[in-house]
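J.: Before I ask anything, let me first share the structure, which is written out below as structure tokens.
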Amino acid sequence: MRRLSAGDEGAFLEFYRRHQGGLYRYAIHMAGRPEAAADVVQETFLTLIRHAGKFDEEIGAPAAFLYGIARNHIRKLHEKEGRYVSLADEVDRGHSADGNGRLGPSNGNGRHTTVSVPVETALDGLERAEIVDLLRQAVLTLPDHYREPVTLCDLEGKSYSEAAALLECPVGTVRSRLNRARSILLEKLRPARLGAKSMWARTGGKS
């Protein structure tokens, strides 16, 4: 960081290669869209170049400084685009029927992929796909202070202590927020999963 603040291009490239991948994964889970995540990463590193001299090693690690910049850009993004996403709206947009009444997941660009699977495995496959999609969408509806520990610990696999260092808060805070976030997610996912089972029971598992 000292070399970077002095304008050392090699130091910046080293720092970028070390942290870009993890930062992008964090940003995409927090922002919900690849293009938004890419913008956050770009703005974060540009801000780092301009303000690297503000880093204080007595306060935190370089990664925490970087993630702090990213969190600020994500908050600005949420303020600009509207803070939360409606889970029900996302579920409606995430699936549509084709001409044969078959359901397909959205690719995020208004296009849908037809699902064609054997009847014997259709229910299990649909449930798994829907739960993953619903979980991803439900995470996006969480307030930032709950979404951050879920992203870092549950989606990125970081330990409580690693997440606490990046979020610059006590481990106990990460643990309590994560427990609360998981409870919220379970409540959000329960009716959606029951609805999917009910639909398949009525149709006999036919697509």
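J.: At 7 Å along Cα-to-Cβ for each site, give me the label-to-label distance between Glu35 and Asn72 in nm.
T.: Using points 7 Å along Cα→Cβ, the separation is 2.6 nm.
J.: For segment 1-89, what is the accessible area per residue in Å² when the probe is 1.4 Å? Present the calculation step by step, with values, prior to reporting the outcome.
T.: Details: 5220 Å² over 89 residues.
On a per-residue basis, segment 1-89 sits at 59 Å².
J.: Please report, as a whole percent, how much of the solvent-accessible surface of segment 1-48 comes from carbon and sulfur atoms (probe radius 1.4 Å). Let's see the in-between values first.
T.: Values: 1300 of 2610 Å².
Of the solvent-accessible surface of segment 1-48, carbon and sulfur hold 50 percent.
J.: Turning to a different aspect of this structure: Could you work out how far apart the two model spin labels at Asn179 and Leu13 are, taking each label as a point 7 Å from the Cα in the direction of the beta carbon, and quote it in nm?
T.: In this crude label model, Asn179 to Leu13 measures out at 4.8 nm.
J.: Right, something else. Rounded to the nearest 10 Å², what accessible area does Asp39 show when all protein chains are kept and the probe is 1.4 Å?
T.: 90
The values are calculated or read from the model by the stated rules, or taken from the named source; none is laboratory data. The shown structure was predicted, so the numbers you read here are calculated from the model rather than taken from an experiment. With ideal geometry, Cβ positions are generated from the backbone for all residues, glycine too; neighbour counts draw on all protein chains shown. When the accessible area is computed, the model is the full protein with side chains, heavy atoms only, and any ligands, DNA or RNA have been set aside. Shrake-Rupley method; radii C 1.70, N 1.55, O 1.52, S 1.80 Å.
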